[in-house]
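Working notes, beginning with the structure itself.
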Amino acid sequence: MSVAATTIAAIFALILAMVGSRTTRINRFFSIFARGVASVFRNIPLVAWVMILMLAFSQSLLTGYLALFFGSLGFLTRAFIETVDEASIHAVEALRATGASYPSIIFQAVLPSSLPQMISWLLFMIDTNIRDATLVGVLTGTGVGFSFDLYYKNFHFHEASVVVILIVITIIAVEMISNYVRRIIL
């Protein structure tokens with residue numbers, strides 16, 4: 001659930017970042033809108049997202065998914081906007097001077113220079129969301145967080161300990177994979 005929420009959020013964040021960045025913005029309104037979405041979604045804590053969404057969808061997988069999605073969307077949009085703003089403006093200006101279209105500028109100048117950093121931010125968010133999925137599961141009654149909560153509340157501490165150990169092993173494995181991928185792309 002956390003990987004899916006982060007991946008889908010990254011796609012939307014990339015679109016918002018392209019219209020929100022000063023380097024690639026279409027017009028000022030879209031830029032302000034994209035930055036506003038990033039600011040609102042990023043500044044609402046995950047637990048608050050869960051509580052707000054539980055009012056609409058009760059305790060369900062959709063609630064957990066949307067909470068992780070909205071938090072990821074805000075963070076990744078902001079990170080991607082900053083990454084695109086740091087991209088070389090000279091390549092963008094050169095392509096504009098030759099009359100290149102907006103998609104050409106994005107795919108030939110901005111994405112090649114920004115993509116490694118964007119992937120790094122995406123991997124960081126996946127790491128974070130895997131950790132947060134346990135808390136979301138406890139609150140929404142789903143996933144591994146629900147298993148832990150169920151065992152813990154029924155005083156089955158050995159089973160709860162196994163769940164915690166599995167969560168730690170998963171987080172360490174994802175961290176190792178993430179670090180390996182970061183070393184390759186950066």
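State all residues of region 30-63 that are hydroxyl-bearing (Ser, Thr, Tyr) and either surrounded by fewer than 13 Cβ atoms within 10 Å (Cβ to Cβ) or within 19 Å of ILE81 (Cα to Cα) (or both); if no residue qualifies, say none.
The answer is SER31, SER39, SER58.
Filter region 64-78 down to the residues that are within 10 Å of the chain's Cα centre (by Cα) and small (Gly, Ala, Ser), then identify the one that is surrounded by the fewest Cβ atoms within 10 Å (Cβ to Cβ).
Looking at residues that are within 10 Å of the chain's Cα centre (by Cα) and small (Gly, Ala, Ser), I get GLY74.
Any idea which residue in region 138-158 is nearest to LEU53 (Cα to Cα), counting only those that are part of a helix (DSSP H, G or I) and without any contact (Cβ under 8 Å) to a residue 12 or more places away in the chain?
Result: VAL138.
Go through ALA13, ALA17, ALA4, ALA48 for me and flag whichever is more than 24 Å from ALA133 (Cβ to Cβ) and aliphatic (A, V, I, L, M).
ALA17
Residue under question is ILE81, and the condition is that it be modelled with pLDDT of 90 or more, aliphatic (A, V, I, L, M) and surrounded by fewer than 22 Cβ atoms within 10 Å (Cβ to Cβ); does it hold?
Considered against the rule, which asks whether it is modelled with pLDDT of 90 or more, aliphatic (A, V, I, L, M) and surrounded by fewer than 22 Cβ atoms within 10 Å (Cβ to Cβ), ILE81 comes out as no.
Residue by residue through region 122-150, note down the ones that are within 15 Å of LEU14 (Cβ to Cβ) and touching a Phe, Trp or Tyr at 6+ places or on another chain (Cβ under 7 Å).
Scanning region 122-150 gives a single hit, MET125.
Yes/no per residue for (1) touching a strand residue (DSSP E or B) at 6+ places or on another chain (Cβ under 8 Å); (2) crowded, with 18+ Cβ neighbours inside 10 Å; (3) closer than 19 Å to ILE169 by Cβ; (4) of a type in the set (Ser, Thr, Tyr):
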position: GLU86; (1), (2), (3), (4): no, no, no, no
position: ALA97; (1), (2), (3), (4): no, no, no, no
position: TYR102; (1), (2), (3), (4): no, no, no, yes
position: SER113; (1), (2), (3), (4): no, no, no, yes
position: PRO116; (1), (2), (3), (4): no, no, no, no
position: SER147; (1), (2), (3), (4): no, yes, yes, yes
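So that you can scan it fast, the table gives a plain yes or no per residue for (1) within 13 Å of the chain's Cα centre (by Cα); (2) more than 30 Å from MET54 (Cβ to Cβ); (3) not in a helix (DSSP H, G or I):
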| position | (1), (2), (3) |
| --- | --- |
| LEU95 | no, yes, no |
| PRO103 | no, yes, no |
| LEU115 | no, yes, no |
| MET118 | yes, yes, no |
| PHE124 | yes, no, no |
| VAL136 | no, no, no |
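Which condition does THR23 not pass, out of (1) part of a helix (DSSP H, G or I); (2) crowded, with 18+ Cβ neighbours inside 10 Å, if it passes all the others?
(1)
The values are calculated or read from the model by the stated rules, or taken from the named source; none is laboratory data. In this text the structure is predicted, and so the values were computed from the model without any measurement. Neighbour counts run over all protein chains shown; Cβ positions are idealised from the backbone, glycine included.
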